[in-house]
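Please read the structure below before turning to the comments.
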Amino acid sequence: MRRDSIKATCADAAAIREVRSPLGGRIARWAPVPLRLIVGYGFMEHGFAKLGRGPEAFTDILHTIGVPGPHVMAWATILTEVIGGLAVILGAFVALVALPMAALLVVATFTVHLPYGFSSIKLLSVTAAGAQFGPPGYELNLLYLACLAALVMGGSGPLAIDGLVTRRRSAGLSLGMSHPRDAAPSGSAER
């Protein structure tokens with residue numbers, strides 16, 4: 001292999017690693033915002049739907065599929081969906097709330113959706129009443145998991161409480177202020 005072709009191959013490899021958005025950094029930094037909005041809204045909608053039908057109805061479903069402690073798990077699920085969804089919309093504590101949200105998705109995938117295959121849309125027929133669909137597969141669960149992973153790894157983006165907290169914390173530290181946990185306990189005297 002010639003030296004020129006090696007240099008060209010290395011340059012091609014470097015160019016592949018540096019693929020950038022054609023829209024540029026100013027617009028690309030907003031990419032997490034639609035993810036936060038749809039994931040947060042989706043989770044909140046599912047939580048409010050469970051509340052609307054009555055938590056007892058969801059408790060019965062969990063009991064039927066053999067989930068231990070169905071009453072506690074029903075409320076834990078509803079609260080995770082509503083509070084976690086709101087936190088994601090606001091971009092608040094996303095890395096923290098993503099864990100129980102992802103756990104719900106994984107459990108739902110294996111206990112409910114897996115037997116129905118990948119596709120979430122199974123058109124069975126079209127009647128006078130409209131389209132009739134079969135049970136959903138695990139496709140949407142994977143999409144939600146991918147979005148949560150993207151938000152955790154890439155950050156919440158602009159207009160997020162997480163970013164505000166980070167900026168305030170770094171501004172305070174750059175001004176020489178210490179973090180409150182580093183302060184001496186009240187009532188203790190330095191000797």
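The values are calculated or read from the model by the stated rules, or taken from the named source; none is laboratory data. Computed from a predicted model, the values in this text were never measured in an experiment. Note that each Cβ is placed from the backbone with ideal geometry, even for glycine, and that neighbours are counted across all protein chains shown.
So for region 34-54 (the condition being surrounded by 12 or more Cβ atoms within 10 Å (Cβ to Cβ) and at pLDDT below 95), does at least one residue qualify? Looking through region 34-54, none of the residues is surrounded by 12 or more Cβ atoms within 10 Å (Cβ to Cβ) and at pLDDT below 95. For Y116, indicate whether it is aromatic (F, W, Y) and within 20 Å of the chain's Cα centre (by Cα). Criteria not met by Y116. Go over the candidates I89, I78 one by one and state the one that is in contact with a helix residue (DSSP H, G or I) (Cβ under 6 Å, 6 or more places away or on another chain), more than 22 Å from V107 (Cβ to Cβ) and surrounded by 15 or more Cβ atoms within 10 Å (Cβ to Cβ). Among I89, I78, only I89 is in contact with a helix residue (DSSP H, G or I) (Cβ under 6 Å, 6 or more places away or on another chain), more than 22 Å from V107 (Cβ to Cβ) and surrounded by 15 or more Cβ atoms within 10 Å (Cβ to Cβ). Restricting V97, V72, V106 to residues that are within 21 Å of A49 (Cα to Cα), touching a helix residue (DSSP H, G or I) at 6+ places or on another chain (Cβ under 8 Å) and surrounded by fewer than 16 Cβ atoms within 10 Å (Cβ to Cβ) narrows the list to V106. The listed residues are V97, V72, and the only one of them that is closer than 22 Å to R36 by Cα, of a type in the set (V, I, T) and in a helix (DSSP H, G or I) turns out to be V97. Inspection of region 109-123 finds no residue satisfying the criterion of being out of contact with any strand residue (DSSP E or B) (no Cβ under 9 Å at 6 or more places or on another chain), assigned to a helix (DSSP H, G or I) and in contact (Cβ under 8 Å) with a residue 60 or more places away in the chain.
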